[in-house]
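Chemist: This structure is in structure tokens; I'll ask about it shortly.
The values are calculated or read from the model by the stated rules, or taken from the named source; none is laboratory data. All values derive from a computational prediction rather than experimental measurement. Cβ sites come from the backbone with ideal geometry, for glycine too, and all protein chains shown count toward neighbours. Ligands, DNA and RNA are stripped out before the accessible areas are found, and what is left, the full protein with its side chains, is counted by its heavy atoms. Shrake-Rupley method; radii C 1.70, N 1.55, O 1.52, S 1.80 Å.
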Amino acid sequence: MLYKEDFGEGKNIEFKREIPKRHEKLLKDVIAFSNSTGGKIFIGIEDKTNEVIGIGEKNPFRLADDISNMIFDSCTPIIDPEITIQTLEGRTVVVVEVFPGRMRPYYLKSFGKEQGSYIRINGTSRPADDRKLKELELEGQKISYDTLPEIDMEYSEREAKILCNAMEKVAYDVQTTCVTRAIQETSLDPKQNTEKTEIINKMTIEKLEDLGLLCRIGKDLQPTHAFRLMTKNKIRYAKIQCALFKGTERDIFIDKREFDGPLYVQLENAYQFVLKHINLGAKIEGLHRKEAYELPVRTIRELITNAVVHRSYLDESCIQVCVYDDRIEVTSPGMLYGGLDIQSAKSGKSKCRNTAIAEAFRYMGLIEAWGTGIPRMIKECREYGLREPVFEELGDGIRVTIFRENEELEMRKRAENIQNAENKYQYMNNINSENLASVVKEQTVEYREQNHCFNTEKSLFNALDSQGNEKKYCLNDEKTLFETTSQDKTHCFETSVLTAENKYMLYKKLEELQVNKSIGSVTALNIKEIIESFSGEEVFGRKEIKQKLGYKDSKAGFLIQTMREFELIKAVKGRGKGKYCFDI
């Protein structure tokens, strides 16, 4: 069986059994791919089951011509896909590869631009709303929203000079901080420091215009959106919301702040908020004691800076910075810009949505060389012994997660969990047959009270008999213990509740599958969600995954099939067809 992840990111792949009778169903996917990051459509594969059907007796080359003509006649601007014929599992399929378009927005001629424009969100093709349509139009015209004139704001030379002075001060402070850090890291005497600060070029009103913070209407200077965002920023959604949560769930606030004002001030305030709520320790390097945060501080600043620079200011949402016990999440409004995808961004490719803000930040030293930020973040986390940051597209936004726990410490905790499990197992092995029933009764009652997941009158328990063979025992209503078998469906059923050590083993297996490229990163994240969501449940199936996680039927089926294939779950007997528990 084929999976969408076999051909790339699943959200950019579409399977279709045949060309739909209503051609719009195919064409809207073509348009959505052109307006987003591109993708592939496979004609001849059943979407729900992923079964390769093939195109049958149809002439594949004529079919390819028909698709090409259909796209040419129905879509505007012109979309030029690459259509190929492939053989999969012995059957012929037609593959339509659509590339990110440059003349956006693309739309159906018969529907018009407002009704016929589509974008790709969470693996589905959806109509573009007014805000997204405006952003697509700006992309197509190669115009940055932040360089457009701010009509409601009059030009003030005094305000412009204040901004010039502020930008110079930030540039000087950033450069001084960098030199100071270099001195500390090399343990040099400041008097012996040979590192020279670069001369900071004076910021002038003419340079503000060159950067795009000011523009001209006729001969008169006019502030742009970027100028407002860098000065008297009163836009209600151009803020950073920061929160410290108790534990690992988005539930109980311990501290929360909302920062507005000029963007560079917001950035600094959000950065200090995170530093306030992470651990500061010390480490010895040679003869010197050096204070160090638990996370690379440059990565934290880079995370927030990227969110400020690359977010969509047409989107009426705020940047959110969330600090949990085990991670930090930064969520930024707006999809990736200009057809860029996450894999390309991680490799160093960069496309800028807000050129004026980016140029201003680069002058102030808040941005270094283009395209180096994300690869550097990954490198720094690795050097700290942390897990690699996770980059996710969440509908119409981007979330980046960095993990707080040191990998070595985490492995030590996992080892302790495993040792505890082994000790408990050994304890059960040493129990003799006389007191086995009372132990089973005690364990079963405790299990029921903690998990509330038995809905039958019988409970199962595994233990070793006197010969050292593992047997399955069952405790009935009369508290009588009797040996049972997997065929004894009338008395009991199999179930599995995950403990910390069980989860570790599953996560370790997932990591190995990712390293071996047996599954993609998106699939691994989805499976982790299932593990977390059903770790205290008896059994689950496609229906339960759909209800709890909101996945489509085809996605739930694909994940179950994947977990079965790699022996992460097993079928449960006596609970109906299609029910599973974790294979631990």
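Chemist: Within the group Lys579, Lys528, which residue is within 25 Å of Thr248 (Cα to Cα) and either touching a Lys or Arg at 6+ places or on another chain (Cβ under 6 Å) or in contact (Cβ under 8 Å) with a residue 12 or more places away in the chain (or both)?
Modeler: Lys528
Chemist: I've got another one for you. Restricting to the range 35-46, name every residue that is within 22 Å of the chain's Cα centre (by Cα) and closer than 18 Å to Thr84 by Cβ.
Modeler: Gly38, Gly39, Lys40
Chemist: Let me ask something else. Whether any residue in the range 214-223 is modelled with pLDDT of 95 or more, within 27 Å of Asp173 (Cα to Cα) and surrounded by 12 or more Cβ atoms within 10 Å (Cβ to Cβ) is what I want to check.
Modeler: Yes, the range 214-223 has at least one match.
Each row is one residue, and each column tells you yes or no for (1) in a strand (DSSP E or B); (2) under 26 Å from Gly338 (Cβ atoms); (3) open to solvent by less than 20 Å² (accessible area, probe 1.4 Å); (4) assigned by the TED database to the domain that holds Leu221.
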position: Ser110; (1), (2), (3), (4): no, no, no, no
position: Glu114; (1), (2), (3), (4): no, yes, no, no
position: Tyr118; (1), (2), (3), (4): yes, yes, no, no
position: Arg126; (1), (2), (3), (4): yes, yes, no, no
position: Arg131; (1), (2), (3), (4): no, yes, no, no
position: Asp152; (1), (2), (3), (4): no, no, no, yes
position: Tyr155; (1), (2), (3), (4): no, no, no, yes
position: Ile162; (1), (2), (3), (4): no, no, no, yes
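Chemist: List every residue pair whose Cβ atoms lie under 8 Å apart, where the two residues are 6 or more positions apart in sequence or sit on different chains, the first residue falls within the range 345-365 and is of a type in the set (Gly, Ala, Ser), and the second residue, located anywhere, is modelled with pLDDT under 85 and outside any helix (DSSP H, G or I).
Modeler: Every condition considered, the pairs that remain are Gly348/Gly371; Gly348/Thr372; Ser350/Trp370; Ser350/Gly371.
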